[in-house]
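Nothing in this text is a laboratory measurement; each read-out follows from the coordinates by a stated rule. The model shown is predicted, which means the values in this text are computed figures rather than measured ones. Counting neighbours? That spans all protein chains shown, and the Cβs are built from the backbone with ideal geometry, glycine included.
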Amino acid sequence: MEITMSKTAAKALIEKVGEHSKIAIALIDDSDPFLREKSACAKGSFFQIIPFVNEFGQYITRIDHPVLEIYTSKLEQFYLGRQLSMEYNQQLDSFTLENEITVLDRNIKLSHCFFS
C-alpha cells in the first residue's frame, strides 16, 4: 500500500504535524473510543488525518511514502485500496484523497489547531 502526494500536500501536512510526527488516515467513526480521544488535524466527510507520536492502537499498517510516516488500520485498508493519491487545495485549505478507483473524500479540511 502506498500514497502519492503532491508537494503542496506533503508540505501542508509537515507544517501542521511536524517532521517527526506520524499520521494515521482513519475513517470518521464515532463508535471507536480510541479515535474520539485523539485530535484530528484534518477532517473530511468520511476520513480524518490524526497526528501521533507513540503507538496508535490498531493503526499499524504502514502506507508507504518517501517522507512522511503514514499508517492506517486493517479495516481502513479495505476501504482505502492499494494506491492512494492526495492533493492539497490551498484556497479551500483541504485535501482530496483518491484511490485507484475513485475519490474517497473530496474535502478533508485542515483544522486550525496545532500538534506538537
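Rounded to the nearest 500, the 222 nm mean residue ellipticity of the chain from helices alone is -5000 deg cm²/dmol, with -39,500 (n - 2.57) taken per DSSP H run of at least 4 residues.
Loop sites by DSSP among the GluC sites (Glu not before Pro) of the chain, restricted to those with at most 16 other Cβ atoms within 10 angstrom, leave 56-99 as the longest stretch without any of them.
Shown in residue order for the range 106-111 are the 3J(HN,Hα) couplings computed by the Karplus curve 6.51 cos²θ - 1.76 cosθ + 1.60 at θ = phi - 60°: 8, 9, 8, 6, 5, 7 Hz (x for Gly and Pro). Using θ = phi - 60° in the Karplus curve 6.51 cos²θ - 1.76 cosθ + 1.60, the 3J(HN,Hα) couplings for the range 81-98 round to x, 9, 10, 9, 9, 10, 10, 10, 9, 5, 5, 8, 6, 8, 9, 10, 10, 10 Hz; x is entered for Gly and Pro.
In nm, what is the difference between 0.36 nm times the number of residues separating N89 and E69 and their Cα-Cα distance? Can you show the working numbers first?
Values: separation 20, 0.36 × 20 = 7.20 nm, distance 2.14 nm.
Gain on extension, N89 to E69, equals 5.1 nm.
For K109, the shell of other residues with beta-carbons less than 9 Å away shows a net charge of 0, using +1 for Lys and Arg and -1 for Asp and Glu.
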